[in-house]
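One structure is given below, encoded as structure tokens.
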Amino acid sequence: MTSPGSDRRSPVVAWTVLTVTSGLTAASVAAWWVAAPPWHPWLLYSLVDLVVGAGYGVVAWLTLLRRAHLAAWIMAAAGVGGSVSAAATCWAMIVHRWPDLWGPAQLLDAADWTRVPGFYALIVVLPWLLPARPLSRANRIAIGIGTAFIALAQACVLTLPRGNAIPLTDPTLLTVRAAIEPWREPVLVLLGLAAAGGVLARRHAVPAGQRHGLGWLAVGTLLLSLAFLPLALDPVLPLSVPVSFAPLVLLGAQAFLPASALVVLLGHRLRDLEPTVRRTLVWALTTGIAVGVYTGGVLLLSTVTPASSAVSGMLMTALLVAACQPLRRWVRHRVDRLVHGDADQPLIRQVADRLSTTDRGRQMLNAVADGIADSLWLAEVTITLTGEPPPPATPRPRRPHGPPAAAGPPLTILLAGPDKEVGVLRAWPRAGERLARRANTVLVDLAPVVTALAELAIAQGDLERSRLRLAHARDEERRKLRRDLHDELGPALSGIALALAAGRNMLHQYRRFPEIAAADDLLERLVTEVDRQAVGVRDIARDLRPPLLDDGGLLPALHRLRERYATAGLTVLVRAPQLNLPDAIATAVYGIVSEAVRNAHRHADVDRCTIEVGSGPDGLEVCVADEGVGTGASANAGVGTRSMRERAEGIGAELTIGPASTRSVRPGTQVRLVLPGGTW
């Protein structure tokens, strides 16, 4: 028998199961029609066997053709057991009507024991195997306990006195069987409730994208367990329940368990069968719910209406006619959720949800590729622009818990605009699969849209490169201007100051003349002013591009800025990590910070401000804040503010200037720069 995680296929077994279950189901229906037994609620158990045999036979056939998982073998056993049980019961009806026909007791009572292994395994073993994964120690223990219970229950049923399938005469064994038999239903209910609880616990623990189907599986397991609850409680708490209660609950469970097991077990392998499975599930569930409601309603109303009255049937028929279309829509919506889980959203919505969180070219294309892959259940989708290196031949999973990488060649679609090729879209199916026809068609139809997005990404990339070139050009201009100021104008002013000082010294011997004394005072003021202007020129040269940006990055330049303003009476607090930014970006960021600190020093009426640099959810965040008088709502943007905005636009960043978030009485000012992560 295959291991729980095996992905091998068993087509021979699959077709054998389908042949046996469908043949016996057809024979049972024919025998029931021929025997035409009078109606009794006990006949609902035969209907349960027919539904189990036909339903699980088809589900096991579909599963074994694609995945020989242990759960598929359990469903095959349930389908074969149910169909054999139904056939034995219907043949007993035939023999009851025509007693001369062949009907040994062992055959007629086969309905009691053929259903036990598969049907009990559906309750106490199957839920622990899903979703398919390496089994934990606790799950293995639960499966072992369930298997031992099934073996014990099967032995009890095979030795029933009335069927005598295995004659039991040993007094000791008879005593043991008599002691065990009353506990069969209570233990079954307890193990079933534990299995349903285990499914719910796993549903809570697994990622959201892997939960679809587990809720239905838990409900189906719970209903199967509750169907045996009256029998389990009967020895200690006898319950007066209708005979039809248990079979109706068992029929209700079949609306959940087979479909959920199929979806959870096959997962993405179900994609080729998606339309057929969806239509079949919608039809089966709608019909089953309608039959169940009709039967239950008629039985309930028959208790308050005369036995010969047709009122109950007419009322339930009218109710079902009125509720048919809303019921079908309700079922179809839940079947879509069951089959697709999170992927039941249209592809365009999957893509749009991811695009809403991105705003950059390559990020945008990656988001589109991920949305397509998730919606179409593909291993990987890549969009490669012209000029980019192609992706590896076998891509890696996109997420830690994602699908295994595909081994086969991808589907390649050329993305070509009106006048040139813009890129290539490649789609890999999941491991061991081929690309479904639906996925192929959708990708081809989606190619023009992806082409337009690729052209937009290329345009955005060109714009970013143009911005960077412009920023580099401005940076070079500032470097040249810094050199001119620092190496030419600054020394020239210093030389003029020295020359003026020398001329003043020459006039010292003539200071006794009033005119010479006045000229000496004028020269002294000129020397002082020229010296001040020379210092200002050096400061301007440093502000254009501090030399420390060339040597060690942004942080040393910010600390040098702090030291400069400390001598001017402004305390600047710097909170920033060591960053190695591109030259153009570092220069722009420093220029904005320097201008913000200068404004705080000149206009905010404060003795301290704060510079904070760090990584935020939107990228690199730079904030300069003070607790000063604020900018005012009607304040006009000056040269410094316009300069900051130009620098921010040059590197593709967002700049906001507004009140600081402080508890001070004064509003303060905050200059906040956000640089998206894809730009540095």
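In the stretch 635-663, of all residues being open to solvent by 40 Å² or more (accessible area, probe 1.4 Å) and part of a loop (DSSP other than H, G, I, E, B), the one that is modelled with the highest pLDDT corresponds to 659.
Say we look at the stretch 538-560 and pick out the residues that are part of a helix (DSSP H, G or I) and at pLDDT 70 or above; which of these is most open to solvent (accessible area, probe 1.4 Å)? Explain how you work it out, then say what you get.
Filtering the stretch 538-560 for residues part of a helix (DSSP H, G or I) gives 538-544, 547-551, 554-560.
After this cut, where a residue has to be at pLDDT 70 or above as well, the list is 549, 554-560.
Values: 549: 12, 554: 6, 555: 28, 556: 43, 557: 1, 558: 2, 559: 64, 560: 92 Å².
Only one residue tops the list, namely 560.
With respect to the conditions (1) buried (at least 18 other Cβ atoms within 10 Å of the Cβ); (2) modelled with pLDDT of 90 or more, residue 144 falls short on a single one, namely (1). Cβ separations smaller than 7 Å between residues 6+ apart or across chains give the following pairs from the stretch 170-192 residues that are surrounded by fewer than 17 Cβ atoms within 10 Å (Cβ to Cβ) to residues that are modelled with pLDDT under 80: 174/168; 182/235.
Filtering the stretch 120-132 to residues that are open to solvent by 10 Å² or more (accessible area, probe 1.4 Å) and either among the charged types (D, E, K, R) or within 26 Å of the chain's Cα centre (by Cα) (or both) leaves 128, 131, 132.
Apart from one condition, residue 107 fits all of (1) of a type outside the set (Val, Ile, Thr); (2) modelled with pLDDT under 80; (3) under 30 Å from residue 265 (Cβ atoms); the exception is (3).
Residue 89 meets the conditions (1) among the polar types (S, T, N, Q); (2) crowded, with 21+ Cβ neighbours inside 10 Å; (3) out of contact with any Ser or Thr (no Cβ under 7 Å at 6 or more places or on another chain) in every case but one. The failed one is (3).
Which is at pLDDT below 80, surrounded by fewer than 18 Cβ atoms within 10 Å (Cβ to Cβ) and over 30 Å from residue 676 (Cα atoms), of 432, 461? Spell out the reasoning first.
Details: 461 fails: over 30 Å from residue 676 (Cα atoms).
On inspection, the qualifying residue turns out to be 432.
Does residue 110 fit the bill of being surrounded by 15 or more Cβ atoms within 10 Å (Cβ to Cβ) and in contact (Cβ under 8 Å) with a residue 40 or more places away in the chain?
Values: surrounded by 15 or more Cβ atoms within 10 Å (Cβ to Cβ): yes; in contact (Cβ under 8 Å) with a residue 40 or more places away in the chain: yes.
Against the criterion (surrounded by 15 or more Cβ atoms within 10 Å (Cβ to Cβ) and in contact (Cβ under 8 Å) with a residue 40 or more places away in the chain), residue 110 qualifies.
Pairs linking a residue in the stretch 144-157 that is touching a residue at least 40 places away in the same chain (Cβ under 8 Å) and among the β-branched types (Val, Ile, Thr) to a residue that is part of a helix (DSSP H, G or I) and open to solvent by 20 Å² or more (accessible area, probe 1.4 Å), with Cβ atoms under 6 Å and 6 or more positions apart or on different chains, are 157/112; 157/113.
Quick check, is residue 45 aromatic (Phe, Trp, Tyr) and within 22 Å of residue 13 (Cβ to Cβ)? Spelling it out, it is not the case that residue 45 is aromatic (Phe, Trp, Tyr) and within 22 Å of residue 13 (Cβ to Cβ). Suppose we filter the stretch 133-186 for residues that are under 15 Å from residue 113 (Cα atoms) and under 48 Å from the mean Cα position of the chain (by Cα); how many remain? Selection size over the stretch 133-186: 12.
The values are calculated or read from the model by the stated rules, or taken from the named source; none is laboratory data. Keep in mind it's a predicted model, so treat the numbers as computed, not measured. Cβ: placed from backbone, ideal geometry, glycine included. Neighbour counts: every protein chain shown. All accessible areas refer to the heavy atoms of the entire protein, side chains included, with ligands and DNA or RNA removed. Shrake-Rupley method; radii C 1.70, N 1.55, O 1.52, S 1.80 Å.
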